[in-house]
Amino acid sequence: MSPAKPPPLMSLIPFLKNKGILFHNTVVLTITFLAYASFHAARKPPSIVKSVLGPQIPTNETDPLHDSPHSQMGWAPFNGTEGTHRLGELDLAFLSSYAFGMFFSGHFADTTDLRIFLSSGMVLSGLFTIAFGFGFWFRVHSLLYYVVVQVLCGLCQSTGWPSVVAVVGNWFGNSSKKGLIMGIWNSHTSVGNILGSIIASSMIKYGWGWSFFWPGLFVFLIGLVVYFFLVVSPEVAGLCVETEIEMNNNVEVISNDVPGKIEELSLLDPGAPDSLGVSQGAGSKDDGHSNAIGFIAAWRLPGVASFAICLFFSKLVAYTFLYWLPFYLRHTAVAGVHLSHETAGMLSTIFDFGGVLGGVMAGLISDKLGARAITSVSFLLLSIPALVLYRVFGSSSMSSNIGLMFLTGSLVNGPYALITTAVSADLGTQSAIKGNSRALATVTAIIDGTGSIGAAIGPVLVGYISTSGWNTVFAMLIASVFTASLSLIPAVISEVQNLRSGIPSCGTA
């Protein structure tokens, strides 16, 4: 792999070369936050426009969508008696290609310049999001067109997560406050969902194509910011971090004018192979470009499989809400009143506001306990009664809907946020691979890629089973949450044993 190069503006603006670690930490967190928030903003339009594209609700009913005289309204090919099936298949096209791409993106992110890899994916993702909106202006009614656009968009979006986690891991990988830092940082997911929902909902009255155009332009422009500004690691900025990467100025600035003088951050000892076959050449210095860990070897790392399976079911639940909550709100009367398309889209942001709190709280609690698995399972088990309460009492009044939706969003997104950030960083930099930072993107891609398979399955199942009633959908969600908690039992047992022995579990699992 060729070394990562400084962003163009660092070469053009000399004073940036002399900035300390605090400045670069702040810039990196801000840019990667905006990058992934824009990715998620671009994912929201399909969920917002579902109620416009798909079968319309009967005037005085909240259930069956398929035997209504109004069911032919909408946008072909997503209207009609099987409209929800087609909408679910559209979600499957995006999410399955995203999951497929994720497994390869992690390895590419480990072997290419992260800045170029990430910015390229963002620019292309923006263009394909806009291309979906073109279907409105050019009156496209071909299912194949929309499926192909979603497949390509999913592949491009798969470049995002391994890249941003690897970049943040390069700067904060050994921080003792990793859970809290990443819990706050991971609110980009919910913030992006909120922005995407607001933009898409406010634009839908002008035509659903605009609901795709503006989020697509947003991710395109942030992609340019990434290319021109993002510094992917301390060594690229000429910084040497002696021990722990913290948000302070305890670093040295090494001259960029003297080749070979930059000390790198990898902790692998020269010539010391690890148990998983990751090693460096004997006698060579650790230059920050250690070998990327193999795909199978990454799966064998302690804890990776358990958390990957947990995320499969957790993300299934989270993405079901992401893609179907506005549709559910539109088709379920709240206090006896059906909401408009715009109101349903805006109201769905409450779930994401809850997700912001849940992600931060999960990170903070896991840092305090030193136990990621225990925290995740606690949130998952508490989300089961929250789901039941939301289904039973959420439609009784607007206040109960908002309160229970916020609670459900907090509990559902808490473990999802924790696993995709702090847990992935822990597992990708654990002692079993002697701190090889080159493994981080691969481990992240495996965990989130497995989760993305669940994310692809959940929405398409809802497209089929929602026609038999929403109780069936919530039963599926509850079963998924329970299964996710079961998958972490070995990790919980290990953490309990470590806590009794006084050994912190985070970063060592």
Report task. May I ask you to compute the full-extension gain from F104 to I384, defined as 0.36 nm times their residue separation minus their alpha-carbon distance, rounded to one decimal in nm? Result -> 97.4 nm
Report task. Compute the distance in nm between two label points, each set 7 Å from the Cα along the Cα-to-Cβ direction, one at W137 and one at R300. Result -> 5.3 nm
Report task. Extending each Cα 7 Å along its Cβ direction at N471 and T26, get the distance between those two points in nm, one decimal. Result -> 5.6 nm
Query raised in the report: For the stretch 122-163, what is the convex hull volume of its Cα atoms per residue in Å³?
Result: 48 Å³
Report summary line: With all protein chains present and a 1.4 Å probe, the order of Y145, Y416 from largest accessible area down is Y145, Y416
Requested in this report: Using only alpha carbon pairs under 8 Å that are at least six residues apart, calculate the relative contact order of the stretch 301-419 and give it in whole percent.
Outcome: 37 percent
Query raised in the report: In nm, to one decimal, how far is the modelled label at T111 from the one at Y206, with both set 7 Å along Cα→Cβ?
Result: 4.4 nm
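The values are calculated or read from the model by the stated rules, or taken from the named source; none is laboratory data. Please read these numbers as outputs of a predicted model, since none were measured by experiment. When we count neighbours, we look across all protein chains shown, and the Cβ atoms used for this are built from the backbone with ideal geometry, even at glycine. Just so you know, the surface numbers come from the protein's heavy atoms only, side chains and all, with ligands and any DNA or RNA stripped out. Shrake-Rupley method; radii C 1.70, N 1.55, O 1.52, S 1.80 Å.
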